1. Which percent, to the nearest 5, of DSSP beta bridges fully inside the chain are antiparallel?
2. Beyond 25 Å between alpha-carbons counts as too far, so tell me which of Lys29/Lys164; Lys37/Lys164; Lys29/Lys93; Lys37/Lys68; Lys37/Lys162 fall in that bin.
3. Return the ratio Rg/(2.2 N^0.38 Å) for the chain, where Rg is computed over Cα atoms only.
4. Would you mind computing, in nm to one decimal, how far apart the modelled labels at Ser152 and Thr175 are, each placed 7 Å from Cα along Cα→Cβ?
5. For the chain, set up a GNM with springs between Cα atoms under 10 Å and report which of Pro52, Pro15, Pro142 has the largest fluctuation.
6. Going through the range 1-79, which trypsin sites (Lys or Arg not before Pro) have at most 11 other Cβ atoms within 10 Å and a DSSP loop state?
7. So, by mean Cβ neighbours within 10 angstrom, what's the order for 182-188, 96-102, 160-166, 145-151 with the highest one leading?
8. Looking at the range 52-163, I'd like the Rg to Rh ratio, where Rg is from alpha-carbon atoms and Rh is Kirkwood's inverse mean 1/r.
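The values are calculated or read from the model by the stated rules, or taken from the named source; none is laboratory data. Owing to the predicted nature of the structure, the values given are computational and were not obtained by experimental measurement. Every residue, glycine as well, gets a Cβ built from its backbone with ideal geometry; the counts of neighbours run over all protein chains shown. Calculation scope for accessible area: heavy atoms of the full protein, side chains included, ligands and nucleic acids excluded. Shrake-Rupley method; radii C 1.70, N 1.55, O 1.52, S 1.80 Å.
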Amino acid sequence: MEMQPITTYTGKIVPLFNDNIDTDQIIPKVHLKRITKTGFGPFAFDEWRYLPDGTDNPDFNPNKPEYKGASILITGDNFGCGSSREHAAWALKDYGFNIIIAGGFSDIFYMNCTKNGMLPIVLDEDARHYLATQTEITIDLPNQTVSTNEKSFHFDIDETWKNKLVNGLDDIAITLQYEDLIEKYEKQSKG
């Protein structure tokens, strides 16, 4: 799956204000049997998303009609804690989320997001609660802002990750930028 660049992105939000949402809650281990990075979206938040009979849980925010089609998740502190499974990032991306705004992330989950073309943004609680009252918000990654018509919030991001996301580069694409040098080295080492 090729990473798409993120420069300026406008999307619909859905709030899910739980703290300490761990990777087991994002994608329960029972659903980790796939051999590809795709197809995990239907199992994202499985235990919260569905009732015991398999129907949608009407009390789960992403299932509510006003949040259908949301691509920006606004959540609590310490998002993605727990086990280091990359499947959690795959499930959220496959579900349709491109941006996750939280009070903080586990380090491994943060890295898994950036490596899979999702932008994790850390904002304080007041900013997140304000943004949760909106229908759509705009993220400007080059200028590192999250905006509505009335307000704008700055966020920090490491320049390396910013460059990768703005240019839609994963680790393989970055390596391929040096393909000529790699081939030259391989020819020299064989001869």
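1. Working: 12 of 25 bridges.
Antiparallel bridges: around 50 percent, rounded to the nearest 5.
2. Details: Lys29/Lys164 30 Å; Lys37/Lys164 19 Å; Lys29/Lys93 17 Å; Lys37/Lys68 23 Å; Lys37/Lys162 23 Å.
Check vs 25 Å cut-off fails for Lys29/Lys164.
3. Numbers: Rg = 18.2 Å, N = 191, 2.2 N^0.38 = 16.2 Å.
My calculation over the Cα atoms of the chain gives 1.12.
4. That separation, rounded to one decimal, is 3.9 nm.
5. Comparing Pro52, Pro15, Pro142 in a Gaussian network model of the chain, the most mobile one is Pro52.
6. On the way: sites: Lys12, Lys29, Lys33, Arg34, Lys37, Arg49, Lys68; in loops: Lys33, Arg34, Lys37, Lys68.
Listed in order of number, the matching sites are Lys33, Lys68.
7. Answer by packing, highest mean first, reads 96-102, 160-166, 145-151, 182-188.
8. On the way: Rg = 14.4 Å, Rh = 14.9 Å.
My calculation of the ratio gives 0.96.
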